[in-house]
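Enquirer: Below you will find the structure I want to go over with you.
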Amino acid sequence: MDAPRLVLTSITVTAPDPRALADFYARLLGFPVTVSEGPKPGEPPEAGWAQVRTGEGPTLGFEYERHWRAPVWPAEPGAPHATQHLDIHVDDLDAAVEHALAQGARLADHQPQEDVRVLFDPVGHPFCLFL
C-alpha cells in the first residue's frame, strides 16, 4: 500500500501574546501578518491568534498560551525546555544577527557553532540563524 500524500503547510508556535509575536516574525522575515484575530469573549486582551505567510515556505501560526513559561536553552533539569525551534538560513550572519536584534531578538549567551547564531524571540523561544 502506498503512503498517503502528506504536505507540511504550517508550524504553530504558542505564546503569551501571539499577535505581538507574529509582528516580530513578520518584521524579522520580511513577510506580512496575513491573519490577526483578537481574543474570544472572556479571554484576556493578549489572547487570540495570528499567522505569517512565508512565501513558498510553511505558514507560521501563533496561538495564545494562557500558562506560558519561556523555555530555557540550553536545557536545564526541572526547567521548561524548547521542544523545537526555527532554523533560518541567511547569507550574511553578522548582518542577520544585527537585524534580528533590531527587531527585538536577544542573543543567547551560549553559541555552539561558528556558522550558527542562537537567538531568542521576544517571549523566549530560541531560533537559529545559520549560513
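The values are calculated or read from the model by the stated rules, or taken from the named source; none is laboratory data. Being a predicted model, the structure only gives us computed values, none of them experimental. For neighbour counting, all protein chains shown are included, and Cβ atoms are generated from backbone atoms with ideal geometry for every residue, glycine included. What goes into the accessible areas is simple: the full protein's heavy atoms, side chains included, and nothing from ligands, DNA or RNA. Shrake-Rupley method; radii C 1.70, N 1.55, O 1.52, S 1.80 Å.
To keep it simple, each residue is scored yes or no on (1) open to solvent by 70 Å² or more (accessible area, probe 1.4 Å); (2) within 17 Å of the chain's Cα centre (by Cα); (3) under 22 Å from Ala102 (Cβ atoms); (4) free of Cβ contacts under 8 Å to residues at least 24 places away in the same chain.
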position	(1), (2), (3), (4)
Leu6	yes, no, no, yes
Ser10	no, yes, no, no
Val13	no, yes, yes, no
Ala22	no, yes, yes, no
Glu37	yes, no, no, yes
Pro41	yes, no, no, yes
Gly78	yes, no, no, yes
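Enquirer: Considering only strands (runs of 3 or more DSSP E) fully contained in the stretch 42-89, which possess at least 2 residues that are under 26 Å from Ala108 (Cα atoms) and either modelled with pLDDT under 95 or touching a Cys at 6+ places or on another chain (Cβ under 9 Å) (or both)?
Expert: Values: elements: 49-52, 59-64, 86-89.
Per the criteria, 86-89.
Enquirer: Still on this structure, I have one more. How do the pairs read when you match residues in the stretch 109-130 that are within 25 Å of Pro16 (Cα to Cα) and of a type in the set (Val, Ile, Thr) with residues anywhere that are open to solvent by 10 Å² or more (accessible area, probe 1.4 Å) and part of a loop (DSSP other than H, G, I, E, B), using Cβ under 8 Å and keeping only pairs 6 or more apart or on different chains?
Expert: Close Cβ pairs satisfying both conditions: Val118/Trp73; Val118/His110; Val118/Gln111; Val118/Pro112; Val123/Pro16; Val123/Asp17; Val123/Trp68; Val123/Ala70.
Enquirer: Looking at (1) more than 18 Å from Leu129 (Cα to Cα); (2) without any contact (Cβ under 8 Å) to a residue 60 or more places away in the chain, which is the only condition Asp17 fails?
Expert: The single condition Asp17 does not satisfy is (2).
Enquirer: Here is a follow-up. For the structure I just gave you, tell me whether Thr34 is part of a loop (DSSP other than H, G, I, E, B) and closer than 21 Å to Ser10 by Cα. Let's see the steps before the verdict.
Expert: Working: part of a loop (DSSP other than H, G, I, E, B): no; closer than 21 Å to Ser10 by Cα: yes.
Here the answer is no, as Thr34 does not meet what is asked.
Enquirer: What number of residues within the stretch 90-131 are more than 26 Å from Trp68 (Cβ to Cβ), aliphatic (A, V, I, L, M) and part of a loop (DSSP other than H, G, I, E, B)?
Expert: Total satisfying the criteria: 2.
Enquirer: Okay, next question. Conditions: (1) hydrophobic (A, V, I, L, M, F, W, C); (2) at pLDDT 95 or above; (3) closer than 18 Å to Phe127 by Cβ; (4) assigned to a loop (DSSP other than H, G, I, E, B). Leu8 meets all but one. Number of the miss?
Expert: Only one criterion is unmet by Leu8, namely (2).
Residues checked against (1) open to solvent by 90 Å² or more (accessible area, probe 1.4 Å); (2) closer than 18 Å to Leu129 by Cα:
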| position | (1), (2) |
| --- | --- |
| Asp2 | yes, no |
| Tyr25 | no, yes |
| Glu63 | no, no |
| Trp68 | no, no |
| Val97 | no, yes |
